[in-house]
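Engineer: There's a structure below that I have some questions on.
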Protein chains: 4
Amino acid sequence: MPKVTPQQIENLLREYQLDHDGHITIEALGNKSARARFRVGKQHLRPGDTVSGPTLMALADVAMYAALLGEIGLVPLAVTSSLNINFLRKPAQKDVIGEAKLLKVGKRLAVGEITLFSDGDPEPVAHVTCTYSIPPR
Amino acid sequence: MPKVTPQQIENLLREYQLDHDGHITIEALGNKSARARFRVGKQHLRPGDTVSGPTLMALADVAMYAALLGEIGLVPLAVTSSLNINFLRKPAQKDVIGEAKLLKVGKRLAVGEITLFSDGDPEPVAHVTCTYSIPPR
Amino acid sequence: MPKVTPQQIENLLREYQLDHDGHITIEALGNKSARARFRVGKQHLRPGDTVSGPTLMALADVAMYAALLGEIGLVPLAVTSSLNINFLRKPAQKDVIGEAKLLKVGKRLAVGEITLFSDGDPEPVAHVTCTYSIPPR
Amino acid sequence: MPKVTPQQIENLLREYQLDHDGHITIEALGNKSARARFRVGKQHLRPGDTVSGPTLMALADVAMYAALLGEIGLVPLAVTSSLNINFLRKPAQKDVIGEAKLLKVGKRLAVGEITLFSDGDPEPVAHVTCTYSIPPR
């Protein structure tokens, strides 16, 4: 069971200005997992009507953060220590969905993977692995 | 349906000296996926009876290669262009299993992820993403 | 000698909406290298007056792209295929400088590394490796 | 000034079976840097007389470890937490040299980059970034 609700995470994201002006929402929290959505606007597109790389990276980071907070509770000082992204397919001009799964939650480090999809398309547009540093509690 | 059999891949691995003297075997090929095993011997251990990092990386690379050959056929000149590994838990003194899944197979690049397990343990010991460069056909 | 000028690259960045509304500028092009600046505004900060992760990633990507265009000329269709970032220190509330160096420019793939600094501080705030896929010419 | 000598590091590598049966030696320690050599034998080659990927990864890991021990002293329990490698050029049938440089040494994490060369060739064969987890002291 996640220790927090999607709403609590969204509140924290807003407070920490990590929600991209309300464009990122948390759709679901599961067992060591989370699903986040980036509501794509014109400002997130690039020529060819594709979604920008920084938009994808921001969504992946937040989806991972949500999964982590669901597991350890509202620990605002956890920070990303590394992020690795493979761009797989050109995203459509649609919302992007990030499915995060925690691979390890240690005392000091958490590692997860995030798969990104154009809304409604089963083929991933990008795959991310991400490491968070967890402050001493 | 994979285009080749595990046996054909093992033959190619042996010819190209990628099977670590017979310690790596291909257990299964699926739809854009493969499972490989590293039969761990004393020479692959480190103090604390854990499996060495290069052993894990070698297995991940071969598992990904097997999944790729299952998808595109026996293309011996495909080469690893990048590999990213996160070490998650100390492996036990057991065989290591690599489960590879292809995320993208393009004309020139293939990307996959490989999760590594100590035989019989559901928690992963490492997670790898890997890119292969595919020669023009 | 770079094949293009910083001004030509900035024009292309603007056309392709990669200049973050004029916040990214190209300060120098060298032998397989480039220096880019992110003029940080309030919208790029996070609580604690630090620069956001997506801002750092965007700068790294553009610095690498500039170095690549300096080497191969104005090839607008080159696209990022992977990016790996390690966050090293909390950036100050200052402009961020990205120093890109190409490690390889092949026919199909280019690889580079980018070190990011808070303007005026010699200790890096982040380090990035980045791969570009180059279209057939 | 490094806190230890190359000989002390080689002794520790041998004790922890990280020296690949004496094939890895530490040639120099500098300010947050180290140079290591892999004396390549037949068993490290692949068809085409190139050096195997796991050999390159093992050298990079040890070069980084040597640079770290030079900075923090003989801390045997530091462990690799992640490693990212880009293969750049086919290595020649020669020794491989690893030049490691620390990017950050924090209390809990160290990050470095390692550039690998075929002995005598100025163009790198691979580039690695690597993270070590440092135990509480």
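Nothing in this text is a laboratory measurement; each read-out follows from the coordinates by a stated rule. For clarity, every value in this text was computed on a predicted model and none was experimentally measured. Note that we place each Cβ from the backbone using ideal geometry, even for glycine, and neighbour counts take in every protein chain shown.
Engineer: Mind listing the phi-derived Karplus ³J(HN,Hα) values for the range B:13-22, rounded to whole Hz, using 6.51, -1.76 and 1.60 with θ = phi - 60°, and x for any glycine or proline?
Structural biologist: With coefficients 6.51, -1.76 and 1.60, one gets 4, 5, 4, 8, 6, 9, 9, 6, 6, x Hz.
Engineer: Taking only Cα atoms and a 10 Å spring cutoff, compute GNM fluctuations for chain C and point out the largest among C:77, C:69, C:45.
Structural biologist: In this elastic network of chain C, the residue with the biggest mean-square fluctuation among C:77, C:69, C:45 is C:77.
Engineer: With +1 assigned to the C-beta of every Lys and Arg and -1 to the C-beta of every Asp and Glu, and no other charges, what is the dipole magnitude of the protein assembly as shown about the Cα centre in debye, to the nearest 20?
Structural biologist: With Lys and Arg at +1 and Asp and Glu at -1, about 0 debye.
Engineer: About the Cα centre, and with charges only on the beta carbon of Lys, Arg (+1) and Asp, Glu (-1), how big is the dipole of the range D:76-137? Nearest 20 debye, please.
Structural biologist: Magnitude of the dipole: close to 420 debye.
Engineer: Putting +1 on Lys and Arg Cβ atoms and -1 on Asp and Glu Cβ atoms, find which of A:79, A:43, A:98 reaches farthest to the positive end of the dipole of the range A:6-133.
Structural biologist: Highest projection toward the positive end goes to A:79.
Engineer: Any chance you could list P(r) for the range B:6-133, counting all Cα-Cα pairs in 5 angstrom bins from zero, rounded to whole %?
Structural biologist: The distribution over the range B:6-133 is 2, 12, 24, 24, 20, 11, 5, 1, 0, given as percents.
Engineer: Here is a follow-up. With springs connecting C-alpha atoms under 10 Å apart, model chain B as a Gaussian network and identify which of B:72, B:26, B:97 has the largest mean-square fluctuation.
Structural biologist: Residue with maximal mean-square fluctuation among B:72, B:26, B:97: B:72.
Engineer: What's the average, rounded to a whole number, of partner chain beta-carbon atoms within 10 Å of each residue's beta-carbon in A:94-103?
Structural biologist: Neighbouring Cβ atoms belonging to other protein chains average 1 per residue here.
Engineer: I would also like to ask the following. Which net charge results when you count Lys and Arg as +1 and Asp and Glu as -1 among the other residues whose beta-carbon is under 12 Å from that of residue B:86?
Structural biologist: Local charge sum for residue B:86: 0.
Engineer: If amide hydrogens are placed 1.01 Å from N in the peptide plane, which non-local residues have theirs closer than 5 Å to the one on residue A:79?
Structural biologist: A:133
Engineer: Next up: What does the average come to when, for each residue of peptide D:76-83, you count the partner chain Cβ atoms lying within 10 Å of its Cβ?
Structural biologist: Working: counts 1, 1, 0, 4, 4, 12, 16, 8.
Shielding by partners across D:76-83 averages 6.
Engineer: Could you work out how far the C-alpha centroid of the range C:50-70 sits from that of the range D:79-105, in angstrom?
Structural biologist: Rounded to whole Å, the Cα centres lie 23 Å apart.
Engineer: Provide the descending list of Cα extents for the protein assembly as shown along its principal axes, expressed in whole angstroms.
Structural biologist: 56, 54, 48
Engineer: If you don't mind, another one. Show me, for the range C:116-131, the HN-Hα J-couplings you get by feeding each phi into the Karplus relation (A = 6.51, B = -1.76, C = 1.60, θ = phi - 60°), rounded to Hz, glycine and proline as x.
Structural biologist: So the J values, rounded to whole Hz, are 10, 10, 5, 3, x, 10, x, 7, x, 8, 7, 10, 10, 10, 8, 10.
Engineer: Measuring label to label, 7 Å along Cα→Cβ, what does residue A:90 give against each other copy in nm, shortest first?
Structural biologist: Those separations, rounded to one decimal, come out as 3.3, 4.2, 5.0 nm.
Engineer: What nm value, rounded to one decimal, do you get for the distance between residue D:123 and residue D:17 when each label is placed 7 Å out toward the C-beta?
Structural biologist: If labels sit at residue D:123 and residue D:17, their model points lie 3.8 nm apart.
Engineer: For chain C, modelled as a Gaussian network with Cα springs under 10 Å, which listed residue fluctuates most, C:91, C:47, C:124?
Structural biologist: C:47
Engineer: On to the next question. Taking 8 Å as the Cα distance limit and 6 or more residues as the minimum spacing, I'd like the relative contact order of chain C as a percentage.
Structural biologist: Over chain C, the number comes to 24 percent.
Engineer: Less than 12 Å Cβ to Cβ from residue D:8, Lys/Arg counted +1 and Asp/Glu -1: what total charge do the surrounding residues give? Please list the in-between numbers first.
Structural biologist: Details: positive: D:3, D:14; negative: D:10, D:15.
Summing Lys/Arg as +1 and Asp/Glu as -1 gives 0.
Engineer: What area, in nm² and to one decimal, does the C-alpha convex hull of the range A:1-63 cast on average over all directions?
Structural biologist: 4.4 nm²
Engineer: Spelling out what I want: for every residue of the range B:86-102, take phi, set θ = phi - 60°, compute 6.51 cos²θ - 1.76 cosθ + 1.60 (Karplus), and round to whole Hz; glycine and proline get x.
Structural biologist: Going residue by residue, I get 10, 7, 10, 9, 5, x, 6, 7, 9, 4, 10, 10, x, 9, 9, 9, 7 Hz, with x marking Gly and Pro.
Engineer: On to the next question. Rounding to the nearest 20 debye, state how big the charge dipole of chain A is about its Cα centre with +1 on each Lys and Arg Cβ and -1 on each Asp and Glu Cβ. Working shown, then result.
Structural biologist: On the way: 16 positive and 14 negative charges, 77 e Å.
Roughly 360 debye, rounded to the nearest 20.
Engineer: Please list, or write none, the lysines whose alpha carbon is within less than 19 Å of the alpha carbon of residue B:104, excluding same-chain residues fewer than 8 places away.
Structural biologist: A:90, B:3, B:32
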